[in-house]
Amino acid sequence: QKEDITSSDISRFKDYRVLFIGDSITANNYRARTNWVNYLTDELKITNFTNGGISGSGLIRNGSGTNWIDGLASYDNNYDLILIMGDMNDWSHGTDFNASNVGSYGDSTTSTFYGALKVYLEAVLTKYPLAKIGWITSTPRNQQIGSSSDYLHGQSSVFATANSVIKEMCNNYSIPVLELYNESNLYPWISANNQEYFKSDVEDLPADAIHPNSKGQKIMEIKIKDFVIRNF
């Protein structure tokens, strides 16, 4: 049974310097008026933070001109906490990683997903040896653009492989992982859930079964806040 969270558990975060790394779901974008970073920093009274979310980005996939590996050099050198959310964009449409180049544990180049994660995690740990680091897996999505399994939810999806590799590699480096791919309480393949939690609340855009709106982001943030308080 979980212990109650008290105000003393939260007060320590007001002095934290926090870096958020991720894709469009982390970035302040046109799908959600308030996203999980906004909710979290407000509720934990975090004022010194950088939102490094870049739409379309991944470990090696460029979004707005850069990817996570190359973009690491652009962040300040001093953070107390680093939260990384993703990664599905490297697997979208099979453009960067797919079943043929997931690789295996021990790979050390960015030509495979295992290798890219090793390169990235070791770069983060080298630059921030004293920081607390956590990884948050992506929420499920249910849009097909490429092959029949590109964006499908659950174990039939190519993202299930990506999710398992992330957990394996983070465990290897003693980095806590919050599982949102399988435990988000978001079900975008169900029409009513998609309409309620994925229809843009910033512009009049239809639900896309990928990007949570403010309500969907709040569902995510409840779990993220609990993860942060209990692990960092």
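So the values come out like this:
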{"read-out": "Residue satisfying condition, being charged (D, E, K, R), free of Cβ contacts under 8 Å to residues at least 24 places away in the same chain and over 25 Å from residue 152 (Cα atoms), within set 76, 42, 80", "value": "42"}
{"read-out": "All positions within region 26-84 that are surrounded by fewer than 20 Cβ atoms within 10 Å (Cβ to Cβ), closer than 20 Å to residue 110 by Cβ and of a type in the set (Gly, Ala, Ser)", "value": "56, 63, 64, 65, 71, 73, 74"}
{"read-out": "Within region 208-227, tally of residues that are open to solvent by less than 10 Å² (accessible area, probe 1.4 Å), β-branched (Val, Ile, Thr) and more than 17 Å from residue 42 (Cβ to Cβ)", "value": "0"}
{"read-out": "Failed item, numbered, when residue 105 is tested on (1) within 19 Å of residue 21 (Cα to Cα); (2) open to solvent by 60 Å² or more (accessible area, probe 1.4 Å); (3) assigned to a loop (DSSP other than H, G, I, E, B)", "value": "(1)"}
{"read-out": "Exclusive hit being open to solvent by 30 Å² or more (accessible area, probe 1.4 Å), more than 17 Å from residue 138 (Cα to Cα), aliphatic (A, V, I, L, M) and part of a helix (DSSP H, G or I), set 124, 119", "value": "119"}
{"read-out": "Looking only at region 85-102, and only at residues there that are of a type in the set (D, E, K, R) and open to solvent by less than 10 Å² (accessible area, probe 1.4 Å), the one that is farthest from residue 50 (Cα to Cα)", "value": "90"}
{"read-out": "Unmet criterion (only one of (1) crowded, with 21+ Cβ neighbours inside 10 Å; (2) at pLDDT below 95; (3) charged (D, E, K, R)) for residue 15", "value": "(1)"}
{"read-out": "Residue match in region 197-205 (condition: in contact with a Lys or Arg (Cβ under 6 Å, 6 or more places away or on another chain) and open to solvent by less than 40 Å² (accessible area, probe 1.4 Å))", "value": "yes"}
{"read-out": "Top-ranked residue in region 155-178 [being modelled with pLDDT of 95 or more and assigned to a loop (DSSP other than H, G, I, E, B); ranked as surrounded by the fewest Cβ atoms within 10 Å (Cβ to Cβ)]", "value": "174"}
{"read-out": "Residue in region 51-84 that is modelled with the lowest pLDDT, counting only those that are over 20 Å from residue 177 (Cα atoms) and assigned to a strand (DSSP E or B)", "value": "63"}
{"read-out": "Any chance residue 192 is modelled with pLDDT under 95 and assigned to a helix (DSSP H, G or I)", "value": "no"}
{"read-out": "Matching residues in region 195-224 - criterion: being out of contact with any Phe, Trp or Tyr (no Cβ under 8 Å at 6 or more places or on another chain), in contact (Cβ under 8 Å) with a residue 12 or more places away in the chain and farther than 23 Å from residue 168 by Cβ", "value": "195, 196, 197, 198, 199, 201, 214"}
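The values are calculated or read from the model by the stated rules, or taken from the named source; none is laboratory data. No experiment lies behind these values; they were computed from the predicted model shown. All Cβ positions, glycine included, derive from the backbone under ideal geometry; neighbour counts span all protein chains shown. When the accessible area is computed, the model is the full protein with side chains, heavy atoms only, and any ligands, DNA or RNA have been set aside. Shrake-Rupley method; radii C 1.70, N 1.55, O 1.52, S 1.80 Å.
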